[in-house]
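Beneath this line is the structure, given in structure tokens, with notes to follow.
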2 protein chains.
Amino acid sequence: MQDQKRVTLKDVARETGLALSTVSNALAGKSLVKPETRAFVLATAERLGYRASIVARSLRAQRSFAFGVLIEDVANPSAAAFVRGVEDVAIGAGYTILLGNTDGDLERQVNAMRTLIDRQVDGLVLISQHLDDERVRSLLSKVPAVLVQRRDARVALDYVGSDNASGLNEALRYVWRIGHRRVGFVTGPLKSSSAQERLAAFRATAAELGFTDPESLIFEGRYSFETGLAAAGFFSSLPDMPSCIFGSNDLNALGLIQGLSERGIRVPRDVSVVGLDDIELAAIKAIDLTTIRLEKRAIGAAAAGLLLKRIDDPDQPMQTLILPTRLVVRGTTAPVDPS
Amino acid sequence: MQDQKRVTLKDVARETGLALSTVSNALAGKSLVKPETRAFVLATAERLGYRASIVARSLRAQRSFAFGVLIEDVANPSAAAFVRGVEDVAIGAGYTILLGNTDGDLERQVNAMRTLIDRQVDGLVLISQHLDDERVRSLLSKVPAVLVQRRDARVALDYVGSDNASGLNEALRYVWRIGHRRVGFVTGPLKSSSAQERLAAFRATAAELGFTDPESLIFEGRYSFETGLAAAGFFSSLPDMPSCIFGSNDLNALGLIQGLSERGIRVPRDVSVVGLDDIELAAIKAIDLTTIRLEKRAIGAAAAGLLLKRIDDPDQPMQTLILPTRLVVRGTTAPVDPS
DNA sequence: TTGTAGGCGTTATCAG
DNA sequence: CTGATAACGCCTACAA
């Protein structure tokens, strides 16, 4: 059960009777080693159970073959999907993932970033925020980094996000087609760029299509179920309720549906509801949420891909990748009652 | 935007005019350094932006101050909650988390374990399986490890799980009290010890309370929504349907509910359903699932705690921690119709 | 083709 | 109290 001593290069050298460097070269597959020597070394290494120490290699190479991934909370399903996407490509490229949860707290994030940099991660994937903080920005200059879902004009970094604008545009056109004219919108936290983008997209399309008084139908909140509940209170108290309401994410939408139903308002009969995200359970019949699907795992994978390229060539121009979204029509939207 | 060169101890030594070792001692807060020297060193280090390299320290100390966490898939919400729990205590103790997804695949798991060990993680949290594999067991002997949720008689390791037996016992007693006598059970994958435990607990309590013919009401499946759907087909085709069915996890239960409803069977009016897990959304009104709650984050935290203790003293006796579960009664269970 | 000699950044030991 | 030196395990010039 104990940690038996590591087998090192030196052990293999001693065992084979060869020099350290020969063993190292043989293991690295360098052509300067005679094939039979190489075979012998390989066999001996295998027999002794030799495995190179990545720690030593990292010190020597001044890089760790690891990525840091910073998120608010892995326990949040969307965040987990991103992480998974990052890992998908990281593993393939021989990288390991160091995970850090920030809980959205600035201090935790700064600490986590410091630790990750102290560990000499070769790159950082930041699915988080606080780009307005000076320390965060300064830390970001110390290591290749890719931003996911949220960006900031002050930081010029590779970025991967989803096409919130066209997603909302598509969905708003859809509800327009089925007759909705008064459409409400629940925002996310407006200091996050994704929430801003979604709100801006709502405004733009609402204006373009000519929805009725959209500005009065915006409820400001966060990406939470509770925000949805509160929004239901707000919208239901309006003299002229919207016939359709958009959440800024699926949790908003689910809270909205529950809040409405608690007030005797039926979805979609009385009000249609649209989410954004397409969480796993959105598809089950008990929920059956019409939503704008985000390809979170693909976004994470794309972020890792960008990071690999950036590490490979730190001076290449910054890239911005916007992945498409897709409207998934399910049971929480219905045509406006012609009555 | 570039990776400016690291400030090392040597730089601080040069800047202060002191010896390397003095600087190191000062930074480490050793009492052998004169307070004013120490203060001077600290100030200079701060000014230069010195941060110790964890990589170098790891090589020297032969430990990495990091935990490896192996799970099937972070994108699975329960797994993510475990990971979060592990991180909660790891961070507090100065450890970083290296994450590995196995997708339940043996080869991936072996590779991930190897990589983690090559990185000299100080301990492993294994929320996974394949303990029947020789290589896995041999790798587990190379590093302190804690098993979570699944164990194997052949591996004597620290273990943290939840009290499946008493959870099911409590829930079965509850449905007995409200009149159910024919109770079905959907199993998880029986090669997993948690699924076995749950099935065994069902059998034991069913026998004890005297449920009607429990053996004929067991449906073997996996921890998936699809299993629930299939189970609905099985149970509904029975000449004498159970009045209550237990899933082995919440996804089972949700699939079951959907499958039953597709066949015109209403929950809980016609059949009661009980889950196990208490996923985030189980509480929303649209789902409102009666379930046996597992404290996943607490389990992860307990695992990390055990690991810390084991690292601190590798020779202490093995520990097994069984965390309590709690029956959460919601809307998918109802008394048997007395008619 | 093989061997020797640093050095990556720390920390621990031991001498001054 | 401070400083020199070695060692952790690996890799890579360069020398033989």
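FYI, it's all coordinate maths here, none of it is from the lab. On a predicted model such as this, the values are computed, not experimentally measured, just so you know. When we count neighbours, we look across all protein chains shown, and the Cβ atoms used for this are built from the backbone with ideal geometry, even at glycine.
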Checklist outcome for this item: A correct Karplus calculation of ³J(HN,Hα) over segment A:313-325, with 6.51 cos²θ - 1.76 cosθ + 1.60, θ = phi - 60°, whole Hz and x for Gly and Pro, returns 9, x, 9, 5, x, 5, 10, 10, 10, 10, 8, x, 10
Next on the checklist: Can you tell me the orientation of helix B:225-236 relative to chain B, as the angle in degrees between its alpha-carbon axis and the longest Cα principal axis, to the nearest 10?
Outcome noted: 10 degrees
Item to check | For segment A:116-179, size of Cβ-based charge dipole, Lys and Arg +1, Asp and Glu -1, in debye | outcome: 140 debye
Checklist outcome for this item: For the protein assembly as shown, shape from the Cα gyration tensor axes a ≥ b ≥ c, cut at a/c of 1.5 then a/b versus b/c, turns out oblate
Item to check | Inter-copy separations for A:D288, label at 7 Å along Cα-Cβ, nm, ascending | outcome: 1.6
Item to check | Angle between chain B longest axis and helix B:106-118 axis [Cα atoms, degrees, rounded to 10] | outcome: 20 degrees
Item to check | Shielding by other protein chains, A:91-103, mean Cβ within 10 Å | outcome: 4
Checklist entry - Along the positive direction of the dipole of the protein assembly as shown (beta-carbon charges: Lys, Arg +1; Asp, Glu -1; about the Cα centre), which of B:S78, A:V69, A:L42 reaches farthest? => result A:L42
Checklist entry - What ³J(HN,Hα) values, in whole Hz, does the Karplus curve 6.51 cos²θ - 1.76 cosθ + 1.60 give for segment B:164-181 when θ = phi - 60°, with x put for Gly and Pro? => result 4, 4, 6, x, 5, 4, 4, 5, 5, 5, 4, 5, 4, 4, 8, x, 6, 10
Next on the checklist: Taking the Cα of A:A61, stepping 7 Å toward and past its beta carbon, and measuring to each backbone N in segment A:100-142: which are under 14 Å?
Outcome noted: A:120-123
Checklist entry - Could you state the number of Å between the C-alpha centres of segment A:204-248 and segment A:18-34? => result 68 Å
Checklist outcome for this item: If labels are modelled 7 Å from Cα along the Cβ direction, A:D337 lies from its partners in the other copies at nm distances, smallest first, of 3.0
Next on the checklist: Give me the inter-chain shielding for B:114-121: mean count of other chain Cβ atoms within 10 Å, whole number please.
Outcome noted: 5
Item to check | Set A:K10/A:K34; A:K309/B:K10; A:K34/B:K10 screened for pairs whose C-alpha atoms are more than 29 Å apart | outcome: A:K309/B:K10; A:K34/B:K10
Next on the checklist: So if I place +1 on the C-beta of Lys and Arg and -1 on the C-beta of Asp and Glu, and nothing else carries charge, what would the dipole magnitude of the protein assembly as shown be about its Cα centre? I want it in debye, nearest 20.
Outcome noted: 1920 debye
Item to check | Tail beyond 27 Å, pair distance distribution of segment B:164-295 (Cα, percent) | outcome: 7 percent
Checklist entry - Which listed residue (A:V186, A:T325, A:I311) has the Cα farthest towards the positive end of the charge dipole for chain A, taking +1 on Lys and Arg C-beta and -1 on Asp and Glu C-beta about the Cα centre? => result A:I311
Item to check | Separation between Cα centres of segment B:159-188 and segment A:255-288, rounded to whole Å | outcome: 31 Å
Checklist entry - Charges only on Cβ, +1 for Lys and Arg, -1 for Asp and Glu: so what's the dipole of chain B about the Cα centre, in debye to the nearest 20? => result 1220 debye
Item to check | Residue-wise HN-Hα coupling along segment A:86-98, computed from phi with Karplus coefficients 6.51, -1.76, 1.60 (Hz; x: Gly, Pro) | outcome: 4, 4, 3, 8, 4, 3, x, 8, x, 9, 10, 9, 9
Checklist entry - Roughly how crowded by other chains is peptide B:72-79, in terms of the mean Cβ count from those chains within 10 Å of each of its Cβ atoms? => result 6
Next on the checklist: Given the DSSP H assignment, sum -39500 (n - 2.57) over each helix run of at least 4 residues in chain A and divide by its residue total; what's the result at 222 nm in deg cm²/dmol, nearest 500?
Outcome noted: -13500 deg cm²/dmol
Item to check | Translational diffusion coefficient (Stokes-Einstein; Kirkwood radius from C-alpha pairs) of chain B at 37 °C, 0.692 mPa s, in µm²/s | outcome: 144 µm²/s
Checklist entry - Using r as the Cβ-Cβ distance of A:R47 and B:R181, and R0 as 60 Å, what FRET efficiency do you calculate, to the nearest 0.05? => result 0.45
Checklist entry - How far is B:E107 from the same spot in each other copy, in nm, shortest first, if each label point sits 7 Å from Cα toward Cβ? => result 4.8
Checklist entry - What's the angle, to the nearest 10 degrees (0 to 90), between helix A:250-262's Cα axis and the longest principal axis of chain A? => result 30 degrees
Next on the checklist: Testing the spin-label approximation: label points 7 Å from Cα along Cα→Cβ at A:D118 and A:K10. State their distance in nm.
Outcome noted: 2.8 nm
Checklist outcome for this item: Residues whose built amide H sits under 5 Å from the amide H of A:T290, excluding neighbours closer than 5 in sequence, are A:G275, A:R330, A:G331, A:T332, A:T333
Checklist outcome for this item: Protection proxy (average C-beta count within 10 Å per residue), highest first, orders A:70-78, B:146-154, A:101-109 as A:70-78, B:146-154, A:101-109
